[in-house]
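K.L.:
Sending over a structure as structure tokens; questions will come in a sec.
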Amino acid sequence: MESVKTNEFLGENLHTKQLSSGIKCYIIPKCGYAQMQAAVAVNFGSADYAFKLGNEVRKFPAGIAHFMEHKLFEGKKESVFEQFTKNGADVNAFTNFTNTAYYFSCTDNFANNLRLLLHFVQNPYFTEANVNKEKGIIIQEINMYKDDPLWACYQNLLSAMYFNSPVTSDIAGSEQSVNSITADMLEDCYSLFYNPPQMAVICAGGFDINEVYDIIEKYVSPKVDIPEITRCYGEEKEPRHVRQREVTAKTQIAAPLFNIGFKDIADWQNPIKNLAAGKLLIDLIAGEGSNLYEKLYAQNLADASFYVQYTAGTFFAYTMLSGFSENPHKVNELLLNEIRKYAQNGISSGDFIRLKQKHTGRLRMVFNSIHAITQAQIDFFSKKADLFDLLTEYENLTLNDVNEKLAAHLVEGANALSIVKGTQ
Amino acid sequence: MELINISNGVKLHALQTQKFKTVTVCLLIRRKLTRAEATLNALLPGVLRRGCEKFNTLTKINRELEGMYGAVFDADVVKKGEEQIIQFFMEFVNAGEPEINGTSAGKIPADKAPKAEYSPAEPPQSAERRALSFLAEILQNPLTENGGFRADIVSSEAENLKTAIEGRLNNKAEYAKLKCVEIMCENEAFGIYGDGYAEDLPGITPVKLFWHYKRVLKESPAEFIIIGNIDTKKTAALIKELFTDLAERENILKVPKTLPSLPREQIKARPALPAHVRTRPPLTSRGHIKTVTEEFNVSQGKICIGLKSGMPATGAPFYSLTLLNEILGGSANSRLFVNIREKKSLCYSIFSYFYRFKGIILIHCGADSDKLEEIFALCEKELSSLANKKVSEKELSFAKKSLAKKISALNDSPAQTADFYLSQYLQNDKVPLTCFARNLEKVTAREIKETAAALVVDTVYMLTGSGYGKEA
């Protein structure tokens, strides 16, 4: 059954339908745009390298989901890139902790490109030779990130916050884990995770919606004997406190870079409400309109690179603040003071209303871009939700919800500081 | 895009469209890119962004924006050819838009319309007026003291700019491209950094910067590019009413059109390079290539190859260079990507970039430091293959299709539309976007071959790990 959501504030419709194979479709029609985009999202990310199959514990080398993403682009006769280029389309993909997504964008031939997308994602071609060939490329990708101080700072923060979460492993794995991956492993992993009930097709643009459903129905066939997988992220064993309060690394960098993180618990009942509260909360305390932001700027402790965010996956969540500063410890201290003040006095309703307006407005801005819509919905798919749900949660959010979030989340002991500073 | 003259040196380029949820405003204050002025201009946006008379703290500024459904505001400098543009950017939700062809740009119910929470005494105003008033305040009424900008703001922003300049190396790929351009165009304005120089900062006082700002306001051409659901005539009137400092100006500075980069033979004196930079013997026997290697403590090396065509930024050469770049390294189906990444597994990232105004193409690749020489040889091989053998009709048509798609998708983004239009305007190129794909369609395989043959490898910049890059 198709369900259609309409939202007057967003000025958009969202069509969702689960097809006979179990694959879920999310379609956001956009008139007047030249671009059309479609994505296949698979609920298989870098964190899924260890899991339980029935009663058996299975473990693959770290980075296998990302390796798979690279390898699905290998066509038997011609590369997937070439096939899309012929159709005048761009194709790309990404892997994060929870998802792998493959997507194209085009300005015509949407139906053909959609068939192509569904075909290549469902027809892997792994040989020992082409798997080995990919290793050099992926190791260069890993090396590229190693030289990025922002990435290093973030990785170090995750490792400081979590005891045993798979988010502490690099998405691409390590040189060693990548080298140990074989064609058989990829084959094995593919058949375990690339199954229609674990997948979604997300489309945005101007096209015939029924034709899209027909194509997906026809090209995604139901699978029998889908294995029963239990994901093991260890979130139930993850303590409230962080593993390490502070971590410092040295590299070639001019001004010290910091990430401050607050680890959140992951057993929320309504993940989208939690997301709305988390995003609003940190923006209120340390975002651009906050007193703290003014203070940091006035004391030369922050510049335009400073930002705050709340991120929630299916099994992890955290608040993060990031920026360049000569004195990250002072930033940390001022932040903790500010949090204590808010915890004591509560949040003012004026601030709350203003921030609510900001976040709903920013969500509306997402709908300016076909690409932004598709990418955002990929993320919501793994949360078993959609973009419209976030708006609803923003609208329903009360001051009390945010105060409760503050008391439960931004607590002493749940925070860690990661610094990357210069070698000089 | 409609062009409206507001006053001497002030133009409004307006695109009325109901496609977007927002109205996008770019205010561009144009300066000639010079070494003497680069840092002054680069420092200005940071200082202006810190406050104005009406919104005299960051909190007030940001709360005003948040209260407008999270309007986006930014100010920075953009290097566009040999112009240094001080850019103010705003994007705001336009309340109460009408329904259009079955879809709706989105309505804000009356009870949810943005309210000015922090100035309740003021009468209600449209989102557009509120946004443009904000921008006019920021531009025209900065925070001053003792005949200059507020000293604490200037020193704090100078510190921030210094961090940003020294932080260029944080992104190694971007750094390599910047260095390559700097070396390649060392005697041209294009070789000047758009974000300025740390060594200039101590000499900039609040008074000096303020006088520079006054001069900039008095003599610089200003362009408003506005895209969204607006009434262009009303918008023009609003600009006239609010931006009084830009009205009735005489003697507007003429910013010359950027010309293509000169071949190296024509460049004379070359300044000495800093000590940690070593010039090395050429990678090949072609003695005119300038090669610079810098060593850092990195896992991956970078190579950036600068190519000059000497060709203009408009007309047939432009279309042919655009296509050549697409075929060479513009996509995941390009020669460089397929032959060096996919077939040889030497790298992850390899692309080429076309700098239209200067007729320059840069190839950038990240790989093991000891493989950079090999990468260079392979790039040369691809270049000479393009210069010696016509590309197949199939390859040419794929590249044309791919570009046609990118061009028609430009209209889907207000920021990209504004940027494209600005490039056309600065080059005095009257060809509308709708004719681009058709002009590209006309380019032949022979023209691609001739264009490739005209490309000269000018500069090779390499960033290597310690101990690599030893002289051969």
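K.L.:
I want to confirm something. Restricting to the range B:332-372 and keeping residues that are closer than 28 Å to A:Tyr103 by Cα and small (Gly, Ala, Ser), which single residue is farthest from the other protein chains (Cβ to nearest Cβ)?
P.N.:
Of everything passing the filter in the range B:332-372, B:Ser352 is farthest from the other protein chains (Cβ to nearest Cβ).
K.L.:
Given the criterion in a helix (DSSP H, G or I), among the basic types (Lys, Arg) and farther than 20 Å from A:Phe97 by Cβ, identify the matching residue among A:Lys223, A:Lys218.
P.N.:
Sole residue among the options that is in a helix (DSSP H, G or I), among the basic types (Lys, Arg) and farther than 20 Å from A:Phe97 by Cβ: A:Lys218.
K.L.:
Here is a list: B:Asn411, B:Asn428. Which entry is within 30 Å of the chain's Cα centre (by Cα) and on the phi > 0 side of the Ramachandran plot?
P.N.:
Details: B:Asn411 fails: on the phi > 0 side of the Ramachandran plot.
Within the list B:Asn411, B:Asn428, the selection yields B:Asn428.
K.L.:
Evaluate the following for A:Ile202: is it modelled with pLDDT of 95 or more, in the same structural domain as A:Thr127 (by TED's automatic domain parsing) and either of a type outside the set (Ser, Thr, Tyr) or part of a helix (DSSP H, G or I) (or both)?
P.N.:
Values: modelled with pLDDT of 95 or more: yes; in the same structural domain as A:Thr127 (by TED's automatic domain parsing): yes; either of a type outside the set (Ser, Thr, Tyr) or part of a helix (DSSP H, G or I) (or both): yes.
It is true that A:Ile202 is modelled with pLDDT of 95 or more, in the same structural domain as A:Thr127 (by TED's automatic domain parsing) and either of a type outside the set (Ser, Thr, Tyr) or part of a helix (DSSP H, G or I) (or both).
K.L.:
Here is a list of conditions, (1) assigned to a loop (DSSP other than H, G, I, E, B); (2) within 14 Å of chain B (Cβ to nearest Cβ); (3) surrounded by fewer than 20 Cβ atoms within 10 Å (Cβ to Cβ), and A:Lys295 meets all of them except one; can you say which number that is?
P.N.:
Exception for A:Lys295: condition (1).
K.L.:
To continue, here is another question. Would a scan of the range A:158-174 turn up a residue that is in contact with a Leu (Cβ under 6 Å, 6 or more places away or on another chain) and in contact (Cβ under 8 Å) with a residue 60 or more places away in the chain? First the steps, then the outcome.
P.N.:
Narrowing the range A:158-174 to residues in contact with a Leu (Cβ under 6 Å, 6 or more places away or on another chain): A:167-168.
If we keep only those that are in contact (Cβ under 8 Å) with a residue 60 or more places away in the chain too, we end up with A:167.
Yes - at least one qualifying residue is present in the range A:158-174.
K.L.:
Would the range A:273-284 turn up any residue that is among the acidic types (Asp, Glu) and either out of contact with any Phe, Trp or Tyr (no Cβ under 9 Å at 6 or more places or on another chain) or away from chain B (no Cβ under 14 Å) (or both)? Give the steps one after another, and end with the answer.
P.N.:
Here is the first cut: in the range A:273-284, the residues among the acidic types (Asp, Glu) are A:283.
When the remaining residues are screened for being either out of contact with any Phe, Trp or Tyr (no Cβ under 9 Å at 6 or more places or on another chain) or away from chain B (no Cβ under 14 Å) (or both), the result is none.
No - not one qualifying residue is present in the range A:273-284.
K.L.:
Say whether the condition of being surrounded by 17 or more Cβ atoms within 10 Å (Cβ to Cβ), at pLDDT 95 or above and not in a helix (DSSP H, G or I) is met by at least one residue in the range B:161-177.
P.N.:
Looking for residues that are surrounded by 17 or more Cβ atoms within 10 Å (Cβ to Cβ), at pLDDT 95 or above and not in a helix (DSSP H, G or I), one finds none in the range B:161-177, hence no.
K.L.:
Quick check: anything in the range B:311-329 modelled with pLDDT under 95, within 14 Å of chain A (Cβ to nearest Cβ), over 21 Å from the mean Cα position of the chain (by Cα) and surrounded by fewer than 22 Cβ atoms within 10 Å (Cβ to Cβ)?
P.N.:
Looking for residues that are modelled with pLDDT under 95, within 14 Å of chain A (Cβ to nearest Cβ), over 21 Å from the mean Cα position of the chain (by Cα) and surrounded by fewer than 22 Cβ atoms within 10 Å (Cβ to Cβ), one finds none in the range B:311-329, hence no.
K.L.:
Also, I was wondering about something else. Could you pull out the residue among A:Lys263, A:Lys218, A:Lys273 that is modelled with pLDDT of 90 or more and under 30 Å from A:Asn109 (Cα atoms)? Spell out how you get there, then give the answer.
P.N.:
Working: A:Lys263 fails: under 30 Å from A:Asn109 (Cα atoms); A:Lys273 fails: under 30 Å from A:Asn109 (Cα atoms).
Unique residue meeting the criteria: A:Lys218.
K.L.:
More than 30 Å from A:Ala255 (Cα to Cα) and touching a residue at least 40 places away in the same chain (Cβ under 8 Å) - does that describe any residue in the range A:143-150?
P.N.:
The first filter runs over the range A:143-150 and keeps only residues more than 30 Å from A:Ala255 (Cα to Cα), leaving none.
Looking through the range A:143-150, none of the residues is more than 30 Å from A:Ala255 (Cα to Cα) and touching a residue at least 40 places away in the same chain (Cβ under 8 Å).
K.L.:
Exactly one of these conditions fails for B:Glu186: (1) surrounded by fewer than 20 Cβ atoms within 10 Å (Cβ to Cβ); (2) outside any helix (DSSP H, G or I); (3) modelled with pLDDT of 95 or more. Give me its number.
P.N.:
(3)
K.L.:
Do the conditions hold for B:Asp429, that is, is it buried (at least 21 other Cβ atoms within 10 Å of the Cβ), farther than 30 Å from B:Leu372 by Cα and touching a helix residue (DSSP H, G or I) at 6+ places or on another chain (Cβ under 9 Å)? Outline the logic, then answer.
P.N.:
Working: buried (at least 21 other Cβ atoms within 10 Å of the Cβ): no; farther than 30 Å from B:Leu372 by Cα: yes; touching a helix residue (DSSP H, G or I) at 6+ places or on another chain (Cβ under 9 Å): yes.
No: the conditions fail for B:Asp429.
K.L.:
So, in the range A:237-262, exactly how many residues are part of a loop (DSSP other than H, G, I, E, B), in contact with a Leu (Cβ under 9 Å, 6 or more places away or on another chain) and within 14 Å of chain B (Cβ to nearest Cβ)?
P.N.:
Looking only at that region, the number is 3.
K.L.:
Taking the condition of being within 14 Å of chain B (Cβ to nearest Cβ), crowded, with 22+ Cβ neighbours inside 10 Å and out of contact with any strand residue (DSSP E or B) (no Cβ under 9 Å at 6 or more places or on another chain), how many residues in the range A:84-101 meet it?
P.N.:
The qualifying residues number 0.
K.L.:
If you don't mind, there's one more thing I want to ask. When you go through B:Gly81, B:Gly51 one by one, which is the residue that is buried (at least 21 other Cβ atoms within 10 Å of the Cβ), under 16 Å from B:Leu132 (Cα atoms), more than 8 Å from every other protein chain (Cβ to nearest Cβ) and at pLDDT 95 or above? Full working, then the answer.
P.N.:
On the way: B:Gly81 fails: under 16 Å from B:Leu132 (Cα atoms).
Result of the check over B:Gly81, B:Gly51: B:Gly51.
K.L.:
One residue is enough: does the range A:302-314 have a residue meeting the conditions crowded, with 23+ Cβ neighbours inside 10 Å, within 14 Å of another protein chain (Cβ to nearest Cβ) and modelled with pLDDT under 95? Show your work before the answer.
P.N.:
Looking only at the range A:302-314, we keep the residues that are crowded, with 23+ Cβ neighbours inside 10 Å, and these are A:302, A:308.
When the remaining residues are screened for being within 14 Å of another protein chain (Cβ to nearest Cβ), the result is A:302, A:308.
Going one step further and asking which of them are modelled with pLDDT under 95, we end up with A:302.
There is at least one residue in the range A:302-314 that is crowded, with 23+ Cβ neighbours inside 10 Å, within 14 Å of another protein chain (Cβ to nearest Cβ) and modelled with pLDDT under 95.
K.L.:
Still on this structure, I have one more. Looking at the range A:55-76, can you tell me whether even one residue there is away from every other protein chain (no Cβ under 14 Å), among the polar types (S, T, N, Q) and farther than 22 Å from A:Glu187 by Cβ? Reasoning before the result, please.
P.N.:
Of all residues in the range A:55-76, those away from every other protein chain (no Cβ under 14 Å) come to A:55-62, A:64-65, A:68, A:76.
Within this subset, residues satisfying the condition of being among the polar types (S, T, N, Q) are A:55.
From what is left, the residues that are farther than 22 Å from A:Glu187 by Cβ are A:55.
Yes, the range A:55-76 contains a residue that is away from every other protein chain (no Cβ under 14 Å), among the polar types (S, T, N, Q) and farther than 22 Å from A:Glu187 by Cβ.
K.L.:
Among the candidates B:Lys240, B:Lys172, single out the residue that is basic (Lys, Arg), under 30 Å from B:Thr417 (Cα atoms) and more than 12 Å from chain A (Cβ to nearest Cβ). Walk me through how you get there before you give the answer.
P.N.:
Numbers: B:Lys172 fails: more than 12 Å from chain A (Cβ to nearest Cβ).
Sole residue among the options that is basic (Lys, Arg), under 30 Å from B:Thr417 (Cα atoms) and more than 12 Å from chain A (Cβ to nearest Cβ): B:Lys240.
K.L.:
Among the residues of the range B:147-155, is there at least one that is of a type in the set (Val, Ile, Thr), under 22 Å from A:Leu296 (Cα atoms), touching a helix residue (DSSP H, G or I) at 6+ places or on another chain (Cβ under 6 Å) and assigned by TED's automatic domain parsing to the domain that holds B:Leu40?
P.N.:
Of the range B:147-155, the ones of a type in the set (Val, Ile, Thr) are B:153-154.
Now drop any that are not under 22 Å from A:Leu296 (Cα atoms), which leaves B:153-154.
Then drop every residue that is not touching a helix residue (DSSP H, G or I) at 6+ places or on another chain (Cβ under 6 Å), which leaves B:153-154.
Filter once more, keeping what is assigned by TED's automatic domain parsing to the domain that holds B:Leu40: B:153-154.
Yes.
K.L.:
Still on this structure, I have one more. A:Leu410 - would you say it is away from chain B (no Cβ under 14 Å), touching a Ser or Thr at 6+ places or on another chain (Cβ under 9 Å), modelled with pLDDT of 95 or more and within 27 Å of A:Trp151 (Cα to Cα)?
P.N.:
Details: away from chain B (no Cβ under 14 Å): yes; touching a Ser or Thr at 6+ places or on another chain (Cβ under 9 Å): yes; modelled with pLDDT of 95 or more: yes; within 27 Å of A:Trp151 (Cα to Cα): yes.
Yes; evaluated as a whole, the condition is true for this residue.
K.L.:
Check whether at least one residue in the range B:114-132 is within 14 Å of another protein chain (Cβ to nearest Cβ), modelled with pLDDT of 95 or more and outside any helix (DSSP H, G or I), and report yes or no.
P.N.:
Within the range B:114-132, not a single residue is within 14 Å of another protein chain (Cβ to nearest Cβ), modelled with pLDDT of 95 or more and outside any helix (DSSP H, G or I).
K.L.:
Shifting gears a bit: With respect to B:Ile303, determine if the residue is of a type in the set (Val, Ile, Thr) and within 14 Å of another protein chain (Cβ to nearest Cβ).
P.N.:
Details: of a type in the set (Val, Ile, Thr): yes; within 14 Å of another protein chain (Cβ to nearest Cβ): yes.
Judged against the criteria, B:Ile303 is a match.
Conditions (1) within 18 Å of B:Ser331 (Cα to Cα); (2) at pLDDT 95 or above; (3) aliphatic (A, V, I, L, M), marked per residue:
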residue	(1), (2), (3)
B:Ile360	yes, yes, yes
B:Lys390	no, yes, no
B:Lys406	yes, no, no
B:Ser413	no, yes, no
B:Leu422	no, yes, yes
B:Asn428	no, no, no
B:Cys435	no, no, no
B:Tyr461	no, yes, no
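K.L.:
Could you list, in sequence order, all residues of the range A:102-137 that are polar (S, T, N, Q), touching a residue at least 24 places away in the same chain (Cβ under 8 Å), within 11 Å of chain B (Cβ to nearest Cβ) and surrounded by fewer than 20 Cβ atoms within 10 Å (Cβ to Cβ)?
P.N.:
The answer is A:Asn130, and nothing else.
K.L.:
Kindly indicate which of B:Leu28, B:Leu43 is within 14 Å of chain A (Cβ to nearest Cβ), buried (at least 20 other Cβ atoms within 10 Å of the Cβ) and at pLDDT 95 or above.
P.N.:
Working: B:Leu28 fails: within 14 Å of chain A (Cβ to nearest Cβ).
Criteria check complete, one pass: B:Leu43.
K.L.:
Helices (runs of 4 or more DSSP H) wholly in the range A:36-133 with at least 3 residues that are in contact with a helix residue (DSSP H, G or I) (Cβ under 7 Å, 6 or more places away or on another chain) and under 16 Å from A:Cys203 (Cα atoms) - which ones? Full working, then the answer.
P.N.:
Numbers: elements: A:64-71, A:80-86, A:110-122.
Ranges flagged: A:110-122.
K.L.:
So which of B:Thr34, B:Thr57 is touching a residue at least 40 places away in the same chain (Cβ under 8 Å) and either more than 14 Å from B:Leu139 (Cα to Cα) or surrounded by 20 or more Cβ atoms within 10 Å (Cβ to Cβ) (or both)? Break it down stepwise before answering.
P.N.:
Values: B:Thr57 fails: touching a residue at least 40 places away in the same chain (Cβ under 8 Å).
Result: B:Thr34 is the single residue among B:Thr34, B:Thr57 that is touching a residue at least 40 places away in the same chain (Cβ under 8 Å) and either more than 14 Å from B:Leu139 (Cα to Cα) or surrounded by 20 or more Cβ atoms within 10 Å (Cβ to Cβ) (or both).
The values are calculated or read from the model by the stated rules, or taken from the named source; none is laboratory data. Keep in mind that this is a model prediction, so the values were computed, not measured. Quick reminder, even Gly has a Cβ in these numbers, built from the backbone with ideal geometry, and neighbours come from all protein chains shown.
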